[in-house]
Structure formats: structure tokens, C-alpha cells
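For reference, the structure discussed in these notes is given below.
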Amino acid sequence: MKQTTVLEILKSGKNVFMTGSAGTGKTYVLNQYIAYLKERKVYPSILAPTGIAASHLGGQTIHSFFSLGIREEIDQEFLDSLLDKKNLQARFSKLKALIIDEVSMISPIVFSAMDLILKAFKKSPLAFGGVQVILSGDFFQLPPVSRNNPSKRFAWQAPAWKEL
């Protein structure tokens, strides 16, 4: 598929998983889409599982953005503590588009935690609280590192992936 076609699909506002091997232009297309959104006064949150990956797009880590610390999974008590944080309330109230790069490195547990947090803050039963989610990565590259459930290793195995 051509990069221009992918960009047009992204502009439709739908949730998108963009994949391709190294060097196929995923980061290039994401940067074009980010510029497109900013021209329209939509400021996407750009995330990746590692600091190095996040820095390639001028973003931040997933754990930092969602205030996960070192945890992978969350419970209701932790979620309730997040809901009380004013900085997170402000961050998530404005969130319209979420770009996640290197999705192959995200465990299904972390992917589910992100979904639960956004559903709670957005007060929406929709996947990721109804925020547009753009996922980019190659599942033939680096797999996630997780301490839990090695039978479910990849983000696409999380229920939220199918909901998106």
C-alpha cells in the first residue's frame, strides 16, 4: 500500500494498525499525520514503550503518560487513585488522538491497562474511551518483555485490540 493511501486512511479518523518491516516509512507517515493533526489544532499524544522509541517521534513512554510507574497491570484501587489526579484529568480530557509506536513491544496486560484507564477517564465504554488510536509497529521485530502469562505475549491478544 502506498504511503499516501495510508495517510488518507489515518485522516478518516478511524483506528488504524500500520505495519511494515523496518525502513518502509512508518515513522515518516506518522510524522505526516502528526503535522496534519496539528494544522487542525488537534494535538495527539505520541507514545512508545521505550524512551528511545518515543524520542523518534517526540513523544513519551506509555508508563509515564499513563502514570503506571513500573507496574504492568492495574486494579480498581489503583485506577481510583489515578482518577483523583488533576493532571491526568486535564491530560485525558483533551485527548482526541493517541499514536502508539513500536506496538510489538507492548504486552496485552499493558495494552489492557491503557484501555481501562482511558475508558474510566473518558467515562465511555468504547475501546480506549473513544479516542482515535493509531498503532504502528512490526510484530516480526522485538517482542514485549513481560513477567506475566507467556501464553499471551502480544498486544493483539488483548480484548481491547479487537474492540479497536
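The values are calculated or read from the model by the stated rules, or taken from the named source; none is laboratory data. None of the values given here were measured: they were computed from a predicted structure. Here the Cβ is made from the backbone with ideal geometry for all residues, glycine too, and neighbour counts use every protein chain on show. For the accessible areas, the whole protein counts, side chains as well, though only heavy atoms, and no ligand, DNA or RNA atoms are used. Shrake-Rupley method; radii C 1.70, N 1.55, O 1.52, S 1.80 Å.
Looking at the stretch 71-80, can you tell me whether even one residue there is open to solvent by less than 80 Å² (accessible area, probe 1.4 Å) and touching a strand residue (DSSP E or B) at 6+ places or on another chain (Cβ under 7 Å)?
No; the residues of the stretch 71-80 include none that is open to solvent by less than 80 Å² (accessible area, probe 1.4 Å) and touching a strand residue (DSSP E or B) at 6+ places or on another chain (Cβ under 7 Å).
So residue 36 ticks every box in (1) of a type outside the set (Lys, Arg); (2) open to solvent by 60 Å² or more (accessible area, probe 1.4 Å); (3) within 20 Å of residue 131 (Cα to Cα) but one. Which box is left unticked?
Checking residue 36 against (1) of a type outside the set (Lys, Arg); (2) open to solvent by 60 Å² or more (accessible area, probe 1.4 Å); (3) within 20 Å of residue 131 (Cα to Cα), the one that fails is (2).
Give the stretch 107-120 a look and list any residue that's of a type in the set (Ser, Thr, Tyr) and open to solvent by 10 Å² or more (accessible area, probe 1.4 Å), or say none. Outline the logic, then answer.
First, pick out the residues of the stretch 107-120 that are of a type in the set (Ser, Thr, Tyr): 107, 112.
Result: 112, single match.
Out of (1) in contact with a strand residue (DSSP E or B) (Cβ under 8 Å, 6 or more places away or on another chain); (2) open to solvent by less than 10 Å² (accessible area, probe 1.4 Å); (3) of a type in the set (S, T, N, Q), the odd one out for residue 132 is which?
Condition not satisfied by residue 132: (2).
Just give me the residues in the stretch 95-106 being open to solvent by less than 20 Å² (accessible area, probe 1.4 Å) and either farther than 16 Å from residue 45 by Cβ or at pLDDT 95 or above (or both), in sequence order.
95, 97, 98, 99, 100, 104
For the stretch 23-55, which residues satisfy the criterion of being out of contact with any strand residue (DSSP E or B) (no Cβ under 9 Å at 6 or more places or on another chain), modelled with pLDDT of 90 or more and outside any helix (DSSP H, G or I)?
40, 41
Look at the stretch 1-22 and say how many of its residues are of a type in the set (D, E, K, R) and part of a loop (DSSP other than H, G, I, E, B).
The number of residues fulfilling the criteria is 2.
Being at pLDDT 90 or above and surrounded by fewer than 21 Cβ atoms within 10 Å (Cβ to Cβ): is that true of residue 123 here?
yes
In the stretch 72-95, how many are outside any helix (DSSP H, G or I) and of a type outside the set (A, V, I, L, M, F, W, C)?
5
Taking residue 92 as meeting all but one of (1) open to solvent by 70 Å² or more (accessible area, probe 1.4 Å); (2) in contact with a helix residue (DSSP H, G or I) (Cβ under 8 Å, 6 or more places away or on another chain); (3) not aliphatic (A, V, I, L, M), write down the number of the exception.
(1)
In the list 98, 118, which residue meets the criterion of being in contact (Cβ under 8 Å) with a residue 24 or more places away in the chain and not in a helix (DSSP H, G or I)? Steps first, please.
On the way: 118 fails: not in a helix (DSSP H, G or I).
Exactly one of 98, 118 is in contact (Cβ under 8 Å) with a residue 24 or more places away in the chain and not in a helix (DSSP H, G or I), namely 98.
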